[in-house]
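Step one of this worksheet: look at the structure below.
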Amino acid sequence: MKILMMARNAALYSHQRLVKAALARGHTIDVIDTLQVYINISTNHSQIKYKGDILGHYDAVIPRIGASITMYGLAVLRQLEMMGVWALNDSIAIGRSRDKLRTMQLLAHKGIGLPVTSFSHSTKYTDDMIEMVKGAPVIIKLLEGTQGLGVVLGETHTSARSVIEAFRKVSVNILVQEYLKEAQAMDLRCLVIGDKVVASMKRQGPPGDFRSNLHRGGTASYEEATPEECAVAVKSARAVGLNICGVDILRTHRGPVVMEVNSSPGLEGIEKATGMDVASQIIAYIEEHTTLFRKKK
């Protein structure tokens with residue numbers, strides 16, 4: 001099988017692990033810099049070129065599209081899909097996951113536990129937005145932030161209002177969410193492949209920080225997800241339409257609460273925390289579903 005990986009940095013741990021796993025299972029795999037791709041769109045003979053050469057045929061594509069290039073990455077992925085390449089996560093599902101508001105709406109529609117969330121264009125209703133999420137302290141999030149960036153804790157009503165008004169003044173779209181103190185800067189990352197959670201880990205934020213992201217100094221350790229948490233994670237993946245994703249869950253007094261669904265989860269933290277070979281499980285999933293895709297065609 002011939003696999004293509006769309007990734008800006010081939011040297012990252014996750015990308016190297018996927019390459020090694022694919023080679024170990026007898027496949028060929030090419031890693032291309034998404035921003036070096038360009039497309040010729042025509043009625044009868046569309047082409048994708050990479051660094052001046054026509055991109056050959058591939059059986060499957062692993063999209064590892066960075067948040068900063070979502071629009072361009074999805075355009076390239078859509079073109080590959082239209083040319084008959086099976087995508088590990090398709091362009092529609094990735095597009096949904098990159099919009100935090102859209103993700104929250106989809107999860108809420110499926111009855112999945114969420115932090116109370118408010119959204120508004122006008123700052124006239126800022127005070128009411130804060131009260132809608134049970135008052136300060138509140139979490140203020142950029143709609144397209146990743147790895148804990150663009151997430152601010154408004155500790156008082158006044159400070160929260162100031163942050164919201166500042167973001168809106170520069171036309172930045174944000175969500176305001178309730179602060180779940182009982183989580184204590186800890187969350188559970190569940191890695192979903194298909195219809196099951198294949199690995200899970202606990203992420204603990206550093207002292208004085210409410211965020212648990214590993215990129216912000218958090219630590220990871222093995223933690224088994226409960227059957228209820230596994231069910232919530234899989235249901236969240238299905239709601240967004242992702243075949244593989246990381247689902248971040250807070251343990252609260254009212255049960256599992258989903259904070260985020262990540263379409264390009266990192267493998268380093270979870271493989272090292274659990275000792276599991278997640279990369280090989282991803283390649284095995286690609287093998288199975290590419291075969292089914294061919295039969296349908």
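Observations
- Screening Gly113 with (1) modelled with pLDDT under 95; (2) within 27 Å of Ala231 (Cβ to Cβ); (3) assigned to a loop (DSSP other than H, G, I, E, B) gives one miss only, at (1).
- Of the listed requirements (1) assigned to a helix (DSSP H, G or I); (2) buried (at least 16 other Cβ atoms within 10 Å of the Cβ), Ala136 misses just one: (1).
- Residue check, Arg64 farther than 20 Å from Asn243 by Cα, basic (Lys, Arg) and surrounded by 15 or more Cβ atoms within 10 Å (Cβ to Cβ): no
- Counted residues, the stretch 9-32 - those being out of contact with any helix residue (DSSP H, G or I) (no Cβ under 6 Å at 6 or more places or on another chain), of a type outside the set (A, V, I, L, M, F, W, C) and within 19 Å of Asn89 (Cβ to Cβ): 5
- Any hit, the stretch 112-130, residues being surrounded by 18 or more Cβ atoms within 10 Å (Cβ to Cβ), among the charged types (D, E, K, R) and within 24 Å of Val258 (Cα to Cα): no
- If the condition is being assigned to a loop (DSSP other than H, G, I, E, B) and either touching a residue at least 40 places away in the same chain (Cβ under 8 Å) or aromatic (Phe, Trp, Tyr) (or both), then the stretch 57-88 contributes His57, Tyr58, Asp59, Arg64, Ile65, Gly66, Gly84, Val85, Leu88.
- Of all residues in the stretch 65-104, those being charged (D, E, K, R) and more than 15 Å from Ser236 (Cα to Cα) number 3.
The values are calculated or read from the model by the stated rules, or taken from the named source; none is laboratory data. Bear in mind that the values here come from a model prediction, so they are computed numbers and not experimental data. Because the Cβ atoms are built from the backbone with ideal geometry, glycine has one as well, and the counts that use them run over all protein chains shown.
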